[in-house]
1. Once you have the Kirkwood Rh of the range 32-176 from its Cα pairs, apply Stokes-Einstein at 4 °C and 1.567 mPa s and quote D in µm²/s.
2. Based on the Kirkwood radius over alpha-carbon pairs, what value in µm²/s does the Stokes-Einstein equation return for the translational diffusion coefficient of the range 445-526 at 4 °C and 1.567 mPa s?
3. Output the relative contact order of the chain, whole-number percent, from Cα pairs under 8 angstrom with separation of 6+ residues.
4. Above 22 Å lies some portion of the pair distances; for the range 315-399, what is it as a whole percent of all C-alpha pairs?
5. Residues with beta-carbon under 12 Å from that of ALA222, excluding ALA222: net charge, scoring Lys, Arg +1 and Asp, Glu -1?
6. Under a 1.4 Å probe, what is the accessible area of the range 214-321 per residue, stated in Å²?
7. Under 16 Å from the Cα of LYS132, which aspartates and glutamates turn up, not counting those fewer than eight places away in the same chain?
8. Order TRP166, TRP72, TRP332, most accessible first, counting only protein heavy atoms with a 1.4 angstrom probe.
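The values are calculated or read from the model by the stated rules, or taken from the named source; none is laboratory data. Computed from a predicted structure; not experimentally measured. With ideal geometry, Cβ positions are generated from the backbone for all residues, glycine too; neighbour counts draw on all protein chains shown. SASA here: full protein model, heavy atoms, side chains in, ligands and nucleic acids out. Shrake-Rupley method; radii C 1.70, N 1.55, O 1.52, S 1.80 Å.
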Amino acid sequence: MASTLSTPASTSDFTVDPARVRSLTALIRSTTGETRTTTAPFTGGPLALIPVSSLDDVDAAFDEARRIQPRWAATSVRQRAAALLRLHDLVLAHQSELMDLVQLESGKTRKHAYDEVVHLALTARYYGRRLKHLAAPQRKVGVFPLITQISVNHVPKGVVGIISPWNYPLTMAMADGLPAIAAGNVVVHKPDSQSCLTALAAVELFREAGFPADVWQVVSGAGSVVGTSIVQQADYICFTGSTATGTGIAKLAAERLVNYSLELGGKNPMIVLPGADIEKAAEGAVGACFSSAGQLCVSIERLYVHDTLYDDFRDAFIRRVQAMSLGATLGWDADMGSLVSASQVETISKHVENAVANGATVLAGGRARPDLGPHFYEPTVLEGVTEAADCFAEETFGPLVSLYRYDTIEQAVQLANAGEYGLNASIYGPVPVARGIAGRIKAGTVNINEGFAATFGSIDAPMGGMRSSGTGRRQGDEGYYRYTETQAVGVQRLLPVSGPAAIPPRPYAAVLTFLLRVLRRTTTRR
């Protein structure tokens, strides 16, 4: 049974006014005169001409960034926080255009584009409100109480290089950079070539919020050229993308002893426990598997269901998947949109065909829908996927999930931890049991009775991967401090740590030993 489908729209429905394109692309640092054409995933038609930056342009961006960074770091915390809060308001005020651009460049539905607006606004608000605390020196315990005072400063790294992906063109373009800017750094940013317009619209609002223009500079071009140049010059690198590319970035950064954060691939599991509400779990699984057509790093691609619930869950899940609506529309009525490119369609098609050839059964979907648009593919559920299938362990990054049975919780944990990844996991079932399991799952985020949004949307919580899913964390305090160097400042009063000159070393050592024993009994760690 096929999913309910909406009718395709014409190519003319998915364009951006050329004057608006020119005003946005003017924000790119480019002197080459070269451009590349992006296409709208909904139709395959041309969308925009994007200027291409040269290596000289990247060098110029870093030269300007290094010139302006000390001045930006000297601005007050209050000024930076106020600008972040103004950005929050501007993002919400301009959400209609932002959602249009997200959809036009990524092919996702309106409701999933809105998720990006909300996440970016939440990020701006969080750091705007918390910056005073984050930026303040932290008091630590000195070697001697009272006479030794220790504080820790968090000094900006300098110039942060951000390389952002196409799949979340708004929030991944900006959300990682805001805490870097808040900490006193400046940014040189290369958005994915497919999604420049969304990133540029956000940068335009960033400047309207009161941030100086050169605090956030944008360059454009091939990752192998422009991206490599950024990695070779930045004082810190933030990358979201494939594990293969992230590994290469880590090697380049290591040669320069430069730190980095990498959010990479995932083959994310969901466990449905005994005692789970089957209908709620099935409903949650639909969003967890097929949000943004499965093109997000935290999307669920493996579903492990207890044997006693399996048949009922499968039926409830398939019923919902088959009822999903697909469509090329800027309205709110579609449940799932398009994949971004022909290569994404090719990957999922090959994974499905290979799985079936190795014994799997297609329970729902399993076919491309060129009648809707060039890159549409139905939400697909497989059963009986064996280890011989490519999609058993490889990330698909599309609307494909495999169902598996399990007998014991221990087996479910082992299955969830299988493979090389460790980005996100989901557990549906009684909360006390799920909490007990969560700490055993090798994943940077674990969501209970939710697919991914509980952690992803909670900006106070750190988010990132274990194992081949990356290193470092975005969001929360960790998302801010990754862009800083810690600097300990010690102030010694009355007596030097080595003791007064009037006391010989041996008696001083005896006094110090006595004091250490006293302090062992009287002091506690704050």
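1. Approximately 70 µm²/s, per Stokes-Einstein.
2. In µm²/s, the coefficient is 72.
3. On the way: 1146 pairs, mean separation 95.1, N = 526.
It rounds to 18 percent for the chain.
4. When every Cα pair of the range 315-399 is considered, 27 percent fall beyond 22 Å.
5. Working: positive: ARG36, LYS190; negative: GLU34, ASP192.
For residues surrounding ALA222, the net value is 0.
6. 31 Å²
7. LYS132 reaches ASP460, ASP477, GLU478.
8. On the way: TRP166 50, TRP72 10, TRP332 145 Å².
Final ranking, largest accessible area leading: TRP332, TRP166, TRP72.
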